[in-house]
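Asker: After the C-alpha cells below, expect a handful of questions from me.
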C-alpha cells in the first residue's frame, strides 16, 4: 500500500517535471529561468506543482461547487488559470533562488497552458500507471 502511494507520487512529480521542461523548451506562455541544477530544479518544481494541484485546486473546486453547478463547470477553467498563476507566484516568492517563472500576460494563453498541462498529465499518468 505505502509502496504504491510512493510510486504514484514519484510518477506524478516526474510527469510534472517533464511537462514543465517541455513547456519551457517551447516557451509557450511559460518561461522558467533555472538558476541552479537543471534536472533537480525541474523535479523540485514538479513536486511544487503537484502539491499546488493536489491541495489548492481540490480545495478551490470544493468551495466553488455552487458556482460550478450554476456555470455548468465553466468556473473550473478560471480555477485552473488561478492555480497556474499561484504556482508562478509561489515559486517566484519562495524559491527564486532555484528558478524564476515568467507567465504570459495573455489570459487566453494561460488558459491554453492549463489545458495542455491537464491533458498531458492525465494522458501520461494513465499511460504509465
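The numbers here are math on the coordinates, done by the rules we state, and not lab data. Keep in mind the model is a prediction, meaning the values are calculated, not measured. Every residue, glycine as well, gets a Cβ built from its backbone with ideal geometry; the counts of neighbours run over all protein chains shown.
Asker: Over all directions, how big on average is the projection of the convex hull of the alpha-carbon atoms in segment 20-80, in square nanometres?
Answerer: Directional mean of the projected Cα hull area for segment 20-80 stands at 4.9 nm².
Asker: For segment 70-129, rounded, prolate or oblate, judged on the Cα gyration tensor with a ≥ b ≥ c (square roots of eigenvalues), a/c < 1.5 rounded, else prolate if a/b > b/c?
Answerer: Verdict is oblate for segment 70-129.
Asker: Which stretch or stretches of segment 99-127 have amide N atoms under 19 Å from the point lying 7 Å from residue 11's Cα along the Cα→Cβ direction?
Answerer: In segment 99-127, the label zone of residue 11 (backbone N under 19 Å from the point 7 Å along Cα→Cβ) covers 117-127.
Asker: Taking every pair of distinct Cα atoms and averaging 1/r, then inverting, what Kirkwood hydrodynamic radius in Å comes out for the chain?
Answerer: Computed over the chain, the radius equals 15.3 Å.
Asker: If you don't mind, another one. Please compute the contact order of the chain in relative form: average sequence separation of alpha-carbon pairs under 8 Å and at least six residues apart, divided by the residue count, as a percent.
Answerer: 34
Asker: First measure r as the distance between the Cβ atoms of residue 39 and residue 3, then evaluate 1/(1 + (r/R0)^6) with R0 = 25 Å and state the FRET efficiency to the nearest 0.05.
Answerer: Once rounded, the FRET efficiency stands at 0.55.
Asker: Moving to a separate point now. Using alpha carbon centroids, what distance separates segment 52-93 and segment 110-129, in Å?
Answerer: Spelled out, the Cα-based centre of one part sits 16 Å from the other.
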